[in-house]
Amino acid sequence: MVEVLRDKEFLVREYLETRGLYSHHINSFNAFIDCELKKIVQQNHAVRSDADPNFYLHFKNVTVGHPQVDDGFNVTRNVTPQECRLRDLTYCAPIYVDIEYVKSGMKYLRKGFIIGRLPIMLRSNRCCLYQKSDAELAKMKECIYDSGGYFIVKGTEKVILMQEQPAKNKILVEKDSNGVPTVQVMSSTVDKKSKTNIIFKKNLIYVCHNALEENIPFVVFMKALGVCSDQLILQMVGTEFAIMNQMYPCFLECSKLNIFTQKQALRFIGDRIKKMGFSSEDYDNRVITEVHDFLSTVILAHIPVTNTNYHMKAIYTSVMVRRLIFSLSNPDLFDSKDYYGNKCLDLPGSFLSLLFDDTFKRFIFELKSVADKNIPKVKATPFDIIKYIRTDTITNALVFAIQTGNWSIKRFRMERHGVTQVLTRLSYLSAIGMMTRVNSQFEKSRKVSGPRSLQPSQFGMLCPSDTPEGEACGLIKNISLLAHVTTESEDDDAVLKLALNLGVEPVGLFSVEELHEEYMYLIIFNGNIIGSTNKCIEFVNKFRICRRKGMFSKFISIYISERHKCIYINSGDGRLCRPYIVVENGQPLLTNAHIDNLKRGYCTFQDFIDESLIEFIDVDEENNSLIAYCEEKIVPETTHMEIAPFSILGICASVIPYPHHNQSPRNTYQCAMGKQAIGTIALNYLHRIDTLQYNLWYTHIPMVHSKAVPMINFDKLPAGQNATIAVMSYSGYDIEDAIILNKASVDRGFGRGGTFRNSKCFLRHYPNQMMDSIQGPIIDNATKKPIYKHRALDNDGIAAIGQPVFDKQVTINKATPKTVTVEDVGGDRGFKETPMYYKGYDPSYVDKVMITSNSDCFLIKENFRQPRRPEIGDKFSSRHGQKGVVGLIVNQEDMPFNEVGICPDLIMNPHGFPSRMTVGKLIELLAGKAGLLEGKFQDGSAFGGATVADISDELHKHNYNYLGKDVLYCGIDGRPMEAYIYSGPVFYQRLKHMVADKIHARSRGPRVLLTRQPTEGRSKDGGLRMGEMERDCLIAYGASMLIIERLMLSSDVVEMDVCKLCGLFSYSGWCHMCQKSNSVCRIKMPYACKLLFQELQAMSIVPKISLKKYCD
Amino acid sequence: MNNPIIMNKYSIERTLGNEVKPYNYDEFVKNFKVNIINLSETDMEFDLIGVDVALANSLRRVIISEVPSMAIEKVHIYQNTSYVLDEILAHRLGLIPLKADPRQFKMKEDENSEPNEHDSLVYDMKIKCTKKDLDALAHKQYISFPGMILFLSNILIYINDEQLTFIVYSKHIKWSPLGNQKDIFTEKSVGMINDDILIAKLRPGQEIELKMYAVKGIPKDHAKFQSVCTAWYRMMPNIKLLDDIKGNDALLLQSCFPKGVIGLKSYKGVLVAHVEDCRKENSSRNVFRYKQFDNKILLSKIPDHFIFTIESIGAMEPSSIFFEAINIIIKKVNNALEIALNQTEV
C-alpha cells in the first residue's frame, strides 16, 4: 500500500510562488539578456572597412543596464514602470558595450559605450522591480500581484505573446496536400532556416528544396553527397526487402540519367539550382563550388559539414528515406503535425534575439558604410568612428517592433504582424490570462480541425478549457498552471560528452549496414544524429540517472522512440514540460515528511527538484513514462505521479468551482467571461490612468473557491460578489436567462462599480517660438460664474478634482497659436481655442489630473470616474458560463423570503439548467450555503472538492434542508410557495457590458459630409440603420411610402432641377444643355443618388433621368 | 378555521387562499390574538393568530417599504484624500443607521430646499491621519492587544507593520445641531447607533472632511431608509407523528429537527419519540431523507398563525415600528375607502 500524500496542492502553491506564474516570459527575457545578446554581439563583433585594412572597431563585453529615463540636458536617472506608464515613456535600459577602435592609426579603448536602448520586461532581472519586497513595490506604486512579463512602450503595456511553431530539425513523415507521401525537415540554425522535403512520387524518391528548380532523384543526391556506390546507398537506407523493392526504380532512374560519379551528380544539381548566372569561363568549377556550398549550408542546414565531408548528411538523408519507405506500407508510421512534441513555443526572448540580431547587423553595416565613405576623404581631424555611432538605430527598431507588433526580419524573409498585443487590463484575470496565452501561426479563416482540436499530448501542458470561441477556437490556447516552457540550455557540450561516455558510438565507426540492425538505436541530439548504441535501455536509464544527479540541466529530455528506433535527446528552447513526482519501485520518492518540511519552510520546491524527487518531463518523454493519477493507481511499472490533478487547467479555468461537473463548453464560456468580469484590476488601480478601467466597489472572495484560487491571487483581487440566489421563476421578466435583482441589495451595494476614463492632451512648442497655452474659464458677466461649458474648470483652465463634468463641457481649455511655422515669426500672435471636451450622456467626476513633460512637450492627463449602479440590461454571470442580463429590479417587499427572513439578492430562472447542464453551479450553491453555516470557505477544486454527500450532511447538521431547498414565502401574496426553492449563495460576476455604454437613440443629428446621410455608430451620434432586411419587410408589406420616408425623406433628401428634355441636372432653373428654362422640373431625390450621377458624369458617363407625370 | 398547509416531500399542498370565506367581524375578534414571545430593544418576536395571510403580509410589506426613518442623504465633501472614492464614501455614509427617531421629523418637501431643524440633521466629520497618531495608535494597540497588530497587518493591503492604517469608524461622525435642535436632542438621541462601523482607512497625510445631511425618507426610495434590518413571518409549524417511532429511529428523528422539537421518553427501556415543541421546527424537512419515516410523519403549517419577527436597526423600538406600520395601513385603508365612497357617489 502506498502512503497517500497529504496536501499535495501545497506543492503547486509553492511552485507557483517561488517560480511566479508567468516565469516563462521572464526567464526567456533573462536568457536573452544574459546569453543571447552576448552571443549575437560576439558573432558580429567587428566593423572593418574596405577603404583601410588597418581600421577596425571591435565590440566586446556587452551588458544591459537598468531602466533609465532621459530628463533632458543629458541627465538620466533610474525610472520606475509606473512613471513610464503615467508619462507615456518607454521603460528601457541602455545597452553598454566596450569598444576598441582605431583612430589615426592608434588603438583606443572605451568602456561602457551606449549603443542603444532596450525595452525591459517588467520583473526581469534588469527591471527595478526585480526581487523587491512588497513594501518596496508599494513604494514604487506597483501592484504586488502584478505578473510582470510585459514591456512598457510609450506608456502602453505590451505583451509579446508566445507563438506556437512547428518544431525545428525534426523528421516528419506526412502526406502533403496532394496525398503524396513526404518526409520533411525544417532546419534551423542561428543563421539559416531551410525546409527540405523528400517525396515519393510515381514510385520514385526525390529530394526537393526551395532553392532547387527541379526535384533531384534521391540516388543522384546521395551521389552528390559522395556516396557513389549503389550498394552503399542501399545499405545506408536499409537492406530490408521492402526497401530494396522501392529503391530499385530509383537506382534505375539514376543510371538512366547517366550519373555515376560525384562530379556528375554535382553538375546535375548545379544545373538545377536557381539563380545561376555564371559566365562560361570556368563555369564548371564555379558551379561545383556553388553546389558544394548548397549541400553544406543550405540543404538540411542544421547538420554541420566540415570540409565537404557529407557523410552525416548522407546518413541523415537515408534515415529520412528509410522512414518514408516504411510509412508507405504502414500508415501508422506517419507522424502527426499536431502532436505537441512536434511543436515548440517561441517566447519573447527568441523574438527579441531575432530582432536584435537583425538590427545589430544593420547597425554594423551602417557603421561600415560610414567608414568606407569617410576614411578616404582627407580631413583636418582624423576619422573618429564613435562620432558616427547612432544609438537610435537599435532603439527605434526595438521600440517600433514592440509598439506595433510588426516583426520584419529580412534575412529570414519573416514578416509577422500582431506579435505583440496591448495587455488587457479589464480585470486582473484578463491581465494574467494574457501572460499564459499561446498564439498559433495557422490562418484563422481556414476550416481545419487538426490544429484546432485538443491533442492528447497537450494533456497537462495546455488548458483544455481556455480557448476562444469562433474563428480562433483552438488556435489560441493557454498553458496550464504547472506547465513550464524551457529556455536554451547551456549544457549541450556536457550532454554530448556524457552521451559518448555512456556508450554512444559515433556513426562513423560503424559500417553503414550495421546502423539499421535490429538492436541498434540512433541517438539524435537536438535533431542531429550523434551516434548509435546497441544498449538502448541501459543508455537511457543511465542518462536519466545522470540528469537526476544534476550533471546537466533538469530540462533536458530523453526518450526512446521504438517506432523510429531512435533515442531523442532534446535540450532546445520552447519545449513544454511539467513537473511530476518521481516514483521508484512503486513508491513515490516524495513523502509526507518532505511536504511537512516545505510547509514549515525548511526547504523549497527547488530543493525537491534538485534532489530529483520531482522531475520535469516534456511532451516527448511523457511517452516513455507511466504516470499515476494518484497514489492508489501506482503499479510496479509506474515511473511518475501527478502532483495535483487540478493543475491541468489554466489560470482562467482554475477560478471555476467544480468544473468537472460542468458540461465542457460551459467552462470554455466562463474562461472567456472571467476576463470581462469587473473587479479590482490591481492594487495600484487608483494610481493608474488608463484609457478605460472598470472596477467593482465591494468585491468578495468567492464562498466556494478552488485550491488554485489563492495561488493565482484571485482571492486578493477578486472580480465578483457572493449573491444569495433563488432558483425560481419570477414575473416573466426572467425569460431567456434574464435575472431579477433585489432593489434593496442594489441600494446596499450589490454589483456597484464604476468606470475610469482618461483624456490627455499635449502642449507643444512650435517652430515660431509659440506654444500651446491653457486659458482660464470664461466668466459670465451677469452671474459672475463660469459659463456652462467651463463650469468644470478650475482657475488654471484644467478641470478641478472632484468636479462633476457634463456632456460637452470643457475639461482642458487649451488654445493653439494661430500661426505656427517658422516663416510666421512675428506674425499673428493670436490663439484659437482647441479645448478638450467631455462626451457622454452621464456625467463623470474628475478623479485625477496629472501634468508632466514627455520628451519635447508637456503632457496633461485627466482621469474621470463614473459610478455605475446596476440597472436593467446590465450583464451578470456566474462562474459557469451562465450569463444573463438584468430583466427587472424588484423592491425588497416583493421578493420572496424564507423562514429566517432572508430575501435573495438575485433570482435566476431554473430553465437555465437543463440544457446547459452546469451541475457545478448547483453544487457551488449547495457548498456555499454549507460554507456560510459553517463559517468557512468551501473547496470546489477540479477533480476534488467537497462532495455533495458531505455538504448535505453539513446542511442537515445546521437544520437546513439537506437538498438545499427552502420554503419560500411569496413576497407579493404572502403565501408559502408550492415548490421548495433551491437557494443559497453563488458567486456572481458583473460583466463589463453595461447599458450605460450602449444606450443609443437619435431623432436628428449629424450627417456625413459627402453623402449627407446620417452618420454611423453610437460614438458619432449616428442614426439607426434601416438595412436591407428591414427594407425587404417593408417591400413585402407594401408600405412603399414608408420606404420613401425612411430611405429618402428622413435621410438625405435633396431637391434638384432636372431637365425633361435632356435628362440632366439643371441648376437654378436653367438647363445649360438645352439653354432653356421651361423644360426644368424640380424633383426630390436622395443626395447619394445625385452624387453618383455627378461622379459618373465626371467619368464621362452620362446618366439620364427620364421624367414622367406621377399620375400617368 | 383553515385547513393546515401540508408539506410533502417535494412540494407544499397549498389550499390557502383558494377558498373565499365571507368576512365575519365577530369571529375575527374572537379568534384574533397577538402573543408577544420575545421583546428586546431591537428585536421583537410575536405571534399573530387568527388573521388572514394577506394582513400579515401587508404588515410585513409596509414595515419593509414604507415605515420611514432618517438616513444621510447628502454629503458635502470638502476634503477626501483617502483611498475611498467620494461616491463610495457617500454611499457608505448613507447606509449608516442613525439613532434619530423619524417621528420627530418632517419629510422634506422640496429636495433642494435649505435644510432646517424640522426636517434635517447635520453631521460633521473631520479627520486627519498623521504619522504621530499612527505611532501612538500602534503603540497603544500593541500594549493592549499584542495580537492585534498582527491581525491588523494581515488585513492591510501592504503587509508591513510600519504600514498601519488609521481606521475611521462611525463614532468619528459628530452631530452638529441645527436651529433649536440642541435643546431638543442630544448626541445620544440622534447620533450613530453603532460606533464601530468601518467607514474608511487612512494613511498618514490623508484626511477626510465632510458635512452630512440626514433626512427622513421611506425605504421604497432607498434601502438606507429602512427602519428594520428585516421583518418577516413564518407560519406556525405543526408536526404529527402518525406512528410510534422507537429506538434508534427515534434518535434519528430527533436529529432531523432543531433541538427541542422532538422529545424522547423511555417506555420500558425503549425510547419513544414525541413532539415537544413545534415552534422550533424550521421547515428543514430532513425527515424526508430517511425511508423509515415515510408516511409516519405529517409536517404542516397552520395558515392563520404567524410567527412574526421585527428586527429594528435601533432608531425605533420594534413595537413602535409595528404601530407605525399599522397606522400606515389604516391610512391606506381610509384612503381606499374614501376613494371607493367618492366613486359610488359619482
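The values are calculated or read from the model by the stated rules, or taken from the named source; none is laboratory data. The shown structure was predicted, so the numbers you read here are calculated from the model rather than taken from an experiment. With ideal geometry, Cβ positions are generated from the backbone for all residues, glycine too; neighbour counts draw on all protein chains shown. The accessibility values were calculated without ligands, DNA or RNA, using every heavy atom of the protein model including side chains. Shrake-Rupley method; radii C 1.70, N 1.55, O 1.52, S 1.80 Å.
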Counting only residues that are surrounded by 12 or more Cβ atoms within 10 Å (Cβ to Cβ) and part of a loop (DSSP other than H, G, I, E, B), which one in segment A:1026-1039 is farthest from the chain's Cα centre (by Cα)? A:A1039
B:S113 passes all but one of the listed conditions (1) open to solvent by 30 Å² or more (accessible area, probe 1.4 Å); (2) modelled with pLDDT of 90 or more; (3) of a type in the set (G, A, S); (4) farther than 20 Å from A:C903 by Cβ; the exception is number (2)
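Listed here are the residues, each with its yes/no results for (1) in the same structural domain as A:H790 (by the TED database); (2) over 17 Å from A:L686 (Cα atoms); (3) part of a strand (DSSP E or B).
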residue: A:R829; (1), (2), (3): yes, yes, no
residue: A:V846; (1), (2), (3): yes, no, yes
residue: A:M850; (1), (2), (3): yes, no, yes
residue: A:S853; (1), (2), (3): yes, yes, yes
residue: A:F858; (1), (2), (3): yes, yes, yes
residue: A:K861; (1), (2), (3): yes, no, yes
Examine segment B:94-102 for a residue that is surrounded by fewer than 20 Cβ atoms within 10 Å (Cβ to Cβ), within 8 Å of chain A (Cβ to nearest Cβ) and acidic (D, E), and state whether such a residue exists. no
Within segment A:470-493, restricting to residues that are modelled with pLDDT under 90, open to solvent by 10 Å² or more (accessible area, probe 1.4 Å) and part of a loop (DSSP other than H, G, I, E, B), the one that is nearest to A:G881 (Cα to Cα) is A:C473
Could you check B:T186 against (1) buried (at least 17 other Cβ atoms within 10 Å of the Cβ); (2) closer than 23 Å to B:P115 by Cβ and say which number it fails? (1)
Taking segment A:125-176, which residues are free of Cβ contacts under 8 Å to residues at least 40 places away in the same chain and under 30 Å from A:S187 (Cβ atoms)? A:D176
Of a type in the set (G, A, S), more than 26 Å from B:I5 (Cβ to Cβ) and either within 13 Å of another protein chain (Cβ to nearest Cβ) or assigned to a strand (DSSP E or B) (or both): which single residue out of B:A273, B:A214 fits that description? B:A214
Look through segment A:69-107, keep the residues that are surrounded by fewer than 17 Cβ atoms within 10 Å (Cβ to Cβ) and of a type in the set (S, T, N, Q), and return whichever of them is modelled with the highest pLDDT. A:N78
Go through segment A:576-595 residue by residue and tally those that are open to solvent by less than 50 Å² (accessible area, probe 1.4 Å) and over 38 Å from the mean Cα position of the chain (by Cα). 3
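Of all residues in segment A:669-685, how many are in contact with a strand residue (DSSP E or B) (Cβ under 9 Å, 6 or more places away or on another chain) and open to solvent by 30 Å² or more (accessible area, probe 1.4 Å)? Talk me through it step by step, then tell me what you get.
Taking segment A:669-685 first, the residues in contact with a strand residue (DSSP E or B) (Cβ under 9 Å, 6 or more places away or on another chain) are A:669-671, A:673-674, A:676-681, A:685.
From what's left, open to solvent by 30 Å² or more (accessible area, probe 1.4 Å): A:669, A:676, A:685.
Summing the residues that are in contact with a strand residue (DSSP E or B) (Cβ under 9 Å, 6 or more places away or on another chain) and open to solvent by 30 Å² or more (accessible area, probe 1.4 Å) in segment A:669-685 gives 3.
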Within segment B:42-84, the residues that are more than 12 Å from chain A (Cβ to nearest Cβ) and not β-branched (V, I, T) are B:M44, B:F46, B:D47, B:G50, B:P68, B:S69, B:M70, B:E73, B:K74
Given the criterion in a helix (DSSP H, G or I), of a type in the set (A, V, I, L, M) and away from chain B (no Cβ under 14 Å), identify the matching residue among A:V220, A:V190. A:V220
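If you scan segment B:243-262, which residues turn out to be surrounded by fewer than 23 Cβ atoms within 10 Å (Cβ to Cβ) and more than 13 Å from every other protein chain (Cβ to nearest Cβ)? Give the steps one after another, and end with the answer.
Within segment B:243-262, the subset surrounded by fewer than 23 Cβ atoms within 10 Å (Cβ to Cβ) is B:243-244, B:246-252, B:254-256, B:258-261.
Answer for segment B:243-262, where residues must be surrounded by fewer than 23 Cβ atoms within 10 Å (Cβ to Cβ) and more than 13 Å from every other protein chain (Cβ to nearest Cβ): B:D243, B:D244, B:K246, B:G247, B:N248, B:D249, B:A250, B:L251.
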Here's a check for you: in segment A:938-969, which residue that is surrounded by fewer than 20 Cβ atoms within 10 Å (Cβ to Cβ) and of a type in the set (V, I, T) is farthest from the other protein chains (Cβ to nearest Cβ)? A:T947
Hits in segment A:861-889 (condition: buried (at least 22 other Cβ atoms within 10 Å of the Cβ) and aliphatic (A, V, I, L, M)): A:V886
Could you go through segment A:621-638 and let me know if any residue there is open to solvent by less than 10 Å² (accessible area, probe 1.4 Å) and touching a helix residue (DSSP H, G or I) at 6+ places or on another chain (Cβ under 8 Å). no
Condition broken by A:A996, with the remaining ones in (1) away from chain B (no Cβ under 14 Å); (2) surrounded by fewer than 18 Cβ atoms within 10 Å (Cβ to Cβ); (3) assigned to a loop (DSSP other than H, G, I, E, B) satisfied: (3)
Members of segment A:1000-1014 that are out of contact with any strand residue (DSSP E or B) (no Cβ under 8 Å at 6 or more places or on another chain), surrounded by 12 or more Cβ atoms within 10 Å (Cβ to Cβ) and either in the same structural domain as A:M1048 (by the TED database) or under 19 Å from A:P1086 (Cβ atoms) (or both): A:T1011
Looking at segment A:890-914 only, could you name the residues that are hydrophobic (A, V, I, L, M, F, W, C) and within 12 Å of chain B (Cβ to nearest Cβ)? A:V890, A:M895, A:F897, A:V900, A:I902, A:C903
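Would you please name the residue that is farthest from the other protein chains (Cβ to nearest Cβ), looking only at residues in segment A:970-985 that are among the charged types (D, E, K, R) and out of contact with any Phe, Trp or Tyr (no Cβ under 9 Å at 6 or more places or on another chain)?
So in segment A:970-985, the residues among the charged types (D, E, K, R) come out as A:973, A:975, A:978.
Checking the rest, the ones that are also out of contact with any Phe, Trp or Tyr (no Cβ under 9 Å at 6 or more places or on another chain) come to A:973, A:978.
On the way: A:D973: 7, A:E978: 5 Å.
Top of the filtered list is A:D973.
Hey, can you tell me all the residues within segment A:108-125 that are assigned to a loop (DSSP other than H, G, I, E, B) and more than 23 Å from the chain's Cα centre (by Cα)?
Looking only at segment A:108-125, we keep the residues that are assigned to a loop (DSSP other than H, G, I, E, B), and these are A:120-125.
Those that are assigned to a loop (DSSP other than H, G, I, E, B) and more than 23 Å from the chain's Cα centre (by Cα): none in segment A:108-125.
This table checks each residue for (1) more than 30 Å from A:T420 (Cβ to Cβ); (2) assigned to a loop (DSSP other than H, G, I, E, B); (3) open to solvent by 50 Å² or more (accessible area, probe 1.4 Å).
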{"site": "A:R267", "(1), (2), (3)": "yes, no, yes"}
{"site": "A:I288", "(1), (2), (3)": "yes, no, no"}
{"site": "A:I303", "(1), (2), (3)": "yes, yes, no"}
{"site": "A:V319", "(1), (2), (3)": "yes, no, no"}
{"site": "A:L324", "(1), (2), (3)": "yes, no, no"}
{"site": "A:R362", "(1), (2), (3)": "no, no, yes"}
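With the requirement that a residue be more than 14 Å from B:P237 (Cα to Cα) and either open to solvent by less than 10 Å² (accessible area, probe 1.4 Å) or part of a helix (DSSP H, G or I) (or both), what does segment B:277-306 give you? Reasoning before the result, please.
Taking segment B:277-306 and keeping what is more than 14 Å from B:P237 (Cα to Cα), we get B:286-296.
Answer for segment B:277-306, where residues must be more than 14 Å from B:P237 (Cα to Cα) and either open to solvent by less than 10 Å² (accessible area, probe 1.4 Å) or part of a helix (DSSP H, G or I) (or both): B:N286, B:V287, B:F288, B:R289, B:K291, B:Q292, B:F293.
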Selection within segment B:15-53 - open to solvent by 60 Å² or more (accessible area, probe 1.4 Å) and assigned to a helix (DSSP H, G or I): B:Y25, B:D26, B:E27, B:V29, B:K30
Residues B:K331, B:K265, B:K240: which one is more than 14 Å from chain A (Cβ to nearest Cβ), open to solvent by 70 Å² or more (accessible area, probe 1.4 Å), over 20 Å from A:H956 (Cα atoms) and outside any strand (DSSP E or B)? B:K331
